[in-house]
1. What are the pairs with Cβ atoms under 8 angstrom where one residue, in segment 1-27, is within 30 Å of Lys67 (Cβ to Cβ) and the other, located anywhere, is among the hydroxyl-bearing types (Ser, Thr, Tyr) and surrounded by fewer than 13 Cβ atoms within 10 Å (Cβ to Cβ)? Sequence gap at least six, or different chains.
2. Suppose the filter is assigned to a loop (DSSP other than H, G, I, E, B), out of contact with any strand residue (DSSP E or B) (no Cβ under 7 Å at 6 or more places or on another chain) and at pLDDT below 60; does Gly96 pass it?
3. Could you tell me how many of the residues in segment 5-36 are over 13 Å from Ile135 (Cβ atoms), hydrophobic (A, V, I, L, M, F, W, C) and either modelled with pLDDT of 95 or more or part of a helix (DSSP H, G or I) (or both)?
4. Restricting to segment 72-101, give me the number of residues that are free of Cβ contacts under 8 Å to residues at least 40 places away in the same chain, over 18 Å from Arg38 (Cβ atoms) and not hydroxyl-bearing (Ser, Thr, Tyr).
5. Given the residues Thr68, Thr124, Thr110, which is the only one that is surrounded by 14 or more Cβ atoms within 10 Å (Cβ to Cβ), at pLDDT 90 or above and either among the acidic types (Asp, Glu) or not in a helix (DSSP H, G or I) (or both)?
6. Right, Arg58: under 21 Å from Ile31 (Cα atoms), out of contact with any Ser or Thr (no Cβ under 6 Å at 6 or more places or on another chain), among the charged types (D, E, K, R) and modelled with pLDDT under 80 or not?
7. Please enumerate the residues belonging to segment 71-89 that are at pLDDT below 85 and either surrounded by fewer than 11 Cβ atoms within 10 Å (Cβ to Cβ) or among the small types (Gly, Ala, Ser) (or both).
8. Any chance segment 38-49 includes a residue that's modelled with pLDDT of 75 or more and out of contact with any Gly (no Cβ under 7 Å at 6 or more places or on another chain)?
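The values are calculated or read from the model by the stated rules, or taken from the named source; none is laboratory data. The structure displayed is predicted, hence computed values, not measured ones. Neighbour counts run over all protein chains shown; Cβ positions are idealised from the backbone, glycine included.
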Amino acid sequence: MSVKVTDKSGKFIQMSEDALDEVYAVAAKDILTLSRTRVPLGINKANKKSGNRNITSRGSGLQGSSKTVKLEKMQHMVIYNKEYAGYQEYGKRKDGSHIIKKHSVSGRRTHYLLSAGQDIVAQTIIRIKAKVRTIRV
């Protein structure tokens with residue numbers, strides 16, 4: 001009597017990596033969406049000159065500069081493409097000067113990206129567990 005062993009570990013690893021990549025892409029989009037609701041809004045420059053302090057629309061300022069980028073498999077990044085994004089995220093300049101005491105809109109805050117990531121982590125773990133259960137080789 002002979003026994004034949006079929007090794008499908010390579011296929012399983014590939015399917016697992018693809019599933020995790022999908023979960024990480026969704027998590028990056030969720031972090032982006034949640035951080036956009038928390039990012040401090042800027043002042044419209046045209047209205048600022050006239051003394052009217054209307055808040056900028058969603059398509060401009062930090063919210064409009066944000067996007068997700070896939071660096072490589074299972075590595076996704078949320079990016080805010082403004083030079084003052086770090087200033088708004090940490091609430092002060094790199095040298096520690098100019099500390100933000102009050103944002104232009106109440107409810108907006110510093111660490112908008114970090115806190116969004118921390119809030120999405122629990123959902124991501126649940127999604128990973130659910131996705132792993134569906135992998136069949």
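1. Ala19/Thr134
2. Spelling it out, it is not the case that Gly96 is assigned to a loop (DSSP other than H, G, I, E, B), out of contact with any strand residue (DSSP E or B) (no Cβ under 7 Å at 6 or more places or on another chain) and at pLDDT below 60.
3. Residues that pass the stated criteria total 7.
4. 8
5. The match here is Thr68.
6. Against the criterion (under 21 Å from Ile31 (Cα atoms), out of contact with any Ser or Thr (no Cβ under 6 Å at 6 or more places or on another chain), among the charged types (D, E, K, R) and modelled with pLDDT under 80), Arg58 qualifies.
7. Once the filter is applied, which keeps residues that are at pLDDT below 85 and either surrounded by fewer than 11 Cβ atoms within 10 Å (Cβ to Cβ) or among the small types (Gly, Ala, Ser) (or both), segment 71-89 yields Asn81, Glu83, Ala85, Gly86.
8. Yes - at least one qualifying residue is present in segment 38-49.
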